[in-house]
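Read through the structure below, which is laid out as structure tokens, and then see the notes.
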Amino acid sequence: MKLLVLPPHFRTAATLLGPPVAVLAGGFALVLAISSDPILAYQDLLFANFYSAGSFALFINRMTPLLFLGLSVILSFRAGMFNVGGEGQLYLGAMAATIAGLASAGAPRPLGLLLAAGAGAATGAVYALAPALLKVRLGVNEVVSTLMLNFIALLLTQYLVTHPLRDPVAYGAVSWMLPASVWLPEIPGLLGATSAALIALAVAPLAWMLLFRTLWGADLRAAGSNPRFAEAVGIDASRRVLEAMALSGGIAGLAGALYVLGVGHRFEQNFSPGFGLIGLTVALLARLHPFGAVATAAFYALVLNGAAYMQIDTDVPRSLVGLLTGFLVLFMTARGRGAPAPS
């Protein structure tokens, strides 16, 4: 009797989809135990983002920074650098884009937008290079340095948005409104949805090609998995680490810039609900694969937005989503023996 052997891509898909399906099934059993209307609760959790065009636009806007931050983490992790500083790079990128956007109020529309987005990406890249240099030159643990740099970035942006850049006629810690000439256009036909989502979806295959279809990507992965071997075969592992961290920070900074330019149109101190940490989760759930990050960012945005509707319509608290995603991270990161690694 012959056994059915699935192709590698099908086995990878089964490995990635199995834990989410199991966790959602287990979560439904939990909802069934605590809710008087579990069907409505799960209907809101999974499908509320598609109830209206406005709800779907909110889903797009939530997924976009998650995808950017997930791709940022993937690039650094593939180089062996545990970059947990995405939140700080995101905030500084958003602040740099705000300053550049305000300064280029009189510039032609495409030029001002490009300058603001480029300023955000460049600022994120430079900020990510600092812990990379500390790791390469002095052996400083990058987890500690990137985590501490998050607090510096948050405090710096807080000072800027509450003092020199604060809009005195607006409520809360927000900057002056950016001129319309630097606003990122919306997706045609989808009111309120930022076209930054299209950029994020374009970055994912570019990241895949860079990592898995170029010599640079092969060198980067070799340097990340075994730096000594990489150096022995002539790969400049330190240089690859610095380049990967610059790209990682640049993507995180670009995420902040495009959020300001496409959604808020001004810097708001609390615009992020923890995109940096959630992006780390997105990357782990995707098994550090760019295409997987598209699916996991969409899934995470789906349940995060759906949880709000679920809490409004039923007696199930939105904190249930935190419990489910915690279990999901546990199952996805604890890969069993023989599970295929995506490539």
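The values are calculated or read from the model by the stated rules, or taken from the named source; none is laboratory data. The model shown is predicted, which means the values in this text are computed figures rather than measured ones. Cβ coordinates were reconstructed from backbone atoms using ideal geometry, including for glycine residues, and neighbour counts include every protein chain displayed. Keep in mind that these areas ignore ligands, DNA and RNA; they rest on the heavy atoms of the full protein, side chains included. Shrake-Rupley method; radii C 1.70, N 1.55, O 1.52, S 1.80 Å.
The table for this structure:
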read-out	value
For region 120-138 versus region 168-220, the gap between their alpha-carbon centres in whole angstrom	21
Extreme residue, positive dipole direction of region 63-286, given options Leu242, Pro185, Leu277 (C-beta unit charges)	Leu242
Binned Cα-Cα distances of region 77-128, short to long, each 10 Å bin given as a whole percent	28, 42, 21, 9, 1
Region 130-195: chymotrypsin sites (Phe, Trp or Tyr not before Pro) falling in loop per DSSP and having at most 14 other Cβ within 10 Å	Tyr171
Charge dipole (debye, nearest 20) of region 63-286; +1 at Cβ of Lys and Arg, -1 at Cβ of Asp and Glu	280
Residue of Ile152, Ile99, Ile278 that the Gaussian network model of the chain assigns the largest fluctuation, springs spanning Cα pairs under 10 Å	Ile152
Distance in nm between pseudo-label sites at Leu190 and Asp315 (7 Å out along the Cβ direction from Cα)	3.7
For region 118-164, radius of gyration divided by Kirkwood radius, i.e. Rg to Rh on alpha-carbons	1.06
Overall form of the chain per C-alpha gyration tensor (a/c, 1.5; a/b vs b/c)	oblate
Distance-filtered residues of region 150-194 - backbone nitrogen under 12 Å, label point 7 angstrom along Ala53 Cα→Cβ	187-193
Selected from Phe56, Phe47, Phe82 as most flexible by GNM, with the chain as the system and alpha-carbon contacts under 10 Å	Phe47
1.4 Å probe accessible area per residue over region 113-165, in Å²	53
Distance (nanometres) between label positions extended 7 Å along Cα→Cβ at Val169 and Leu40	4.4
Loop trypsin sites (Lys or Arg not before Pro), region 210-262 (other Cβ atoms within 10 Å of the site Cβ: 16 or fewer; DSSP)	Arg213
Shape of region 23-72, Cα gyration tensor, a/c cut at 1.5	oblate
With every protein chain in place, region 63-286: carbon and sulfur % of accessible area (1.4 Å)	70
Environment charge at Leu211 (Cβ cut-off 10 Å; Lys +1, Arg +1, Asp -1, Glu -1)	+3
